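Read the figures in this text as sums done on the coordinates, not as results from a lab. Being a predicted model, the structure only gives us computed values, none of them experimental. When we count neighbours, we look across all protein chains shown, and the Cβ atoms used for this are built from the backbone with ideal geometry, even at glycine.
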Amino acid sequence: MEKTVEVAVIGAGLTGLTTAFYLKKKNKDFILLEEKDIPGGVIQTRHENGFTYEEGPNTGVVGNPEVPELFEDLNGLCKCEIASEKVNKRYILKEGVWEPMPMGPIQAVNTPLFTLKDKFRLLGEPFRSSGTNPNEPLSEMVKRRMGQSFLDYAIDPFILGVYSGDPSRLITKYAFPKLYNLEQNYGSFIGGSIKKMFEKKDEREKKATRKVFSVEGGLSELISALCKSAGEDSLLLNIKNIEVNPAGDYFIITAMQNNEKVTITTKKIITTTGSYTLRPMLPFADNELLNAVEKLKYARVIQVILGFKQWKGMELDGFGGLIPFIEKREILGVLFLSALLSYRAPEGGALCSVFLGGVRREDLTDKTDDEVKIIVEREFSDVMRLKEFNPDLFKIIRYRYAIPQYGIESYEKLQALEQLQSTYKGLIIGGNLRDGIGMADRIKQGKHLADII
Ligand SMILES: Cc1cc2nc3c(=O)[nH]c(=O)nc-3n(C[C@H](O)[C@H](O)[C@H](O)COP(=O)(O)OP(=O)(O)OC[C@H]3O[C@@H](n4cnc5c(N)ncnc54)[C@H](O)[C@@H]3O)c2cc1C
């Protein structure tokens, strides 16, 4: 097959599909190339035995206006589901007991999660001077501004929940730019958050509500809606061994599809795949630059899905529970999915998701399925107060490259990406190797990539 197009997008995950959708809206002539036989990347919803579960991400945060705008632009093809606000508690495990994360100042005073010393220390947070090291790890920044117990029982479990990561290896400026900017622009997390609350927001900014979202029927409904709207004939699946080479003002892409050679000539290429995929894909790229990009580490994670037709454990009245590293458990946390989202489990039942591994316990991801089952049975039954462990659904999903960790390599990595893009005009490197790891970040970047085309 030979084709000439204006733009070629590589990778049909959420980023690539969002880009394709907005390219279609702009009437651009494009093609979307995917290695697997199914689009969606890590987003895959399954329906089984009365349960609807996700193999990859479960929920996102409406962290920017591009999220509601995408659902509006999809014109009813799929419906955004905002998670039930009745169950907005987030639990943190301390000495075997779930403690709700404080949601306001009175709870913050009363919670046993933080030490009395750190609670007093917090009063001084607005008056502490700002950091000067742009490469300061998150753990150092939190200790400096808030104290060790806030790091151990608020930030550390939060980092496990979002990055499956280690706060001492994530660089705040790159992993949490909004937090970094609060300190840099306002001199304080607390003062900055309060000031920002009272700052005038335009109608578009107000769309970023920070509510938790999914999609009615599961996230794959969003993927189907994007594929349909972007035009299914623009999506080529089963495209293996992609190799891109510059040729004058153009790029020539060669690949194989079902044992047939595919050749595509294009002026612009957008990659949305991981840093570890770029070397074989861009054989012309400078070795040193690729080395810098490949320094990006990814957390290895196992997600275990548990479905119960009759739930007999603790009341599921929250978003879920996270387990600080200091508690020395073998699971990272539990999401109470059937409490958050509708029709995920039969009436009276429950759907939960448990995570294992992450950058500090990668050893657990080498365990066999039988060993994982033993760990999950022991830990889940204990923390969820379940006397008999007899799930009606038990799925183990393994990810070698789950979540990129924006660490100390970030500056060098971003410089290398910029250099590649400026040397080879028309090459654009996107995906979650930059600009954020969450679904909201992916939607925002996907739209931006179509805009800059
Ligand atoms: C287990 C897990 C849980 C998560 N939980 C959450 C969560 O709760 N909330 C949240 O907001 N985010 C979460 N995330 C992150 C979020 O899901 C991802 O950041 C996002 O879905 C990534 O989308 P993407 O399109 O950038 O990448 P991907 O989904 O990885 O898509 C990339 C695509 O490129 C294809 N590809 C790769 N190499 C090639 C090649 N050489 N040629 C052609 N195609 C190629 C892949 O097959 C894939 O389809 C989670 C991620 C994981 C793995």
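What nm distance separates the two modelled labels at residue 315 and residue 181, each placed 7 Å from Cα along Cα→Cβ? My value for the distance between the label points is 4.0 nm.
For region 114-205, the gyration tensor built on C-alpha atoms gives an oblate shape. Its axis ratio a/c (a ≥ b ≥ c) is at least 1.5, and a/b is not larger than b/c. Length available on full extension from residue 258 to residue 29: 0.36 nm per residue minus the Cα-Cα distance, which gives 80.0 nm. Dipole check for the chain: with +1 at the C-beta of Lys and Arg, -1 at the C-beta of Asp and Glu, and the Cα centre as origin, the magnitude is about 1080 Debye.
In the chain, helices alone account for a calculated mean residue ellipticity at 222 nm of -9000 deg cm²/dmol, with every DSSP H run of four or more residues adding -39,500 (n - 2.57). Of all lysines in the structure, the ones whose alpha carbon falls short of 27 Å from that of residue 94, not counting any fewer than 8 places away in one chain, are 86, 117, 119, 143, 211, 312, 328, 367, 373, 387. Note on the chain: antiparallel DSSP beta bridges, both residues inside, total approximately 70 percent of the bridges counted.
Relative contact order for region 297-405 using alpha-carbon pairs under 8 Å, separation at least 6, rounded to a whole percent?
Values: 206 pairs, mean separation 49.1, N = 109.
Once normalised by length, the contact order is 45 percent.
When the C-alpha to C-alpha distance is required to be over 20 Å, the pairs from 26/267; 173/297; 295/447; 28/228; 295/425 that qualify are 295/447; 295/425. Note: relative contact order over the chain, using C-alpha pairs below 8 Å and six or more positions apart, is 26 percent. Taking the simple approach of a point 7 Å from Cα along Cα-to-Cβ for both residue 362 and residue 72, what is their distance in nm? Reported label-point gap for residue 362 and residue 72 is 4.3 nm. Contact order for region 41-194, expressed relative to its length and based on alpha carbon pairs under 8 Å spaced 6+ residues apart, stands at 16 percent.
Just subtract the alpha-carbon distance of residue 1 and residue 108 from 0.36 nm times their residue separation and send over the number in nm, one decimal.
On the way: separation 107, 0.36 × 107 = 38.52 nm, distance 6.28 nm.
Taking 0.36 nm per residue and subtracting the Cα distance, the gain is 32.2 nm.
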